[in-house]
Amino acid sequence: MPDQVSFSSVPFDVVRMPTANSAVNKDSSRLKEACSELESLFIYYLMKEMRATVPKSGFIGGGKAEEMYTSILDLQMSKKIASEREIGISSALLEQLRGNIQHNVGRTNENNE
């Protein structure tokens, strides 16, 4: 058995990995974007389910074209609502996840010392 471990098959460079603090700062904007997208997705499904409760009047023929149009409309409206008028899901989720990341970074730094 060899005493040294080969890292040639590892998909990242272990020697040049960024420090935990720089990784947190770099990923902070990506985390904020992901939380905003999750809020947008939640709003989209909320609007979709609300639209399903409205009875069809039969005034407009409907069909697949109307379903596609309303789906795209709901998607765009949910993105706009999430970006301009947060309902609070993304900020609460972001605060929770940032706290978890900082807690884990603190534990990682303690283990490295």
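Only the coordinates and a few stated rules stand behind these numbers; no lab work does. Because the structure is predicted, anything quoted here is derived from the model rather than measured. Every residue, glycine as well, gets a Cβ built from its backbone with ideal geometry; the counts of neighbours run over all protein chains shown.
Observations
- A simple count of charges around V54, restricted to other residues whose Cβ falls under 15 Å of its Cβ and scoring Lys, Arg +1 and Asp, Glu -1, yields -1.
- Average silhouette area of segment 28-103, convex hull of alpha-carbon atoms, in square nanometres: 6.0 nm²
- Cross-link partners for K32 among the lysines, with Cα-Cα distance under 25 Å and sequence neighbours closer than 8 places in the same chain left out: K48, K79, K80.
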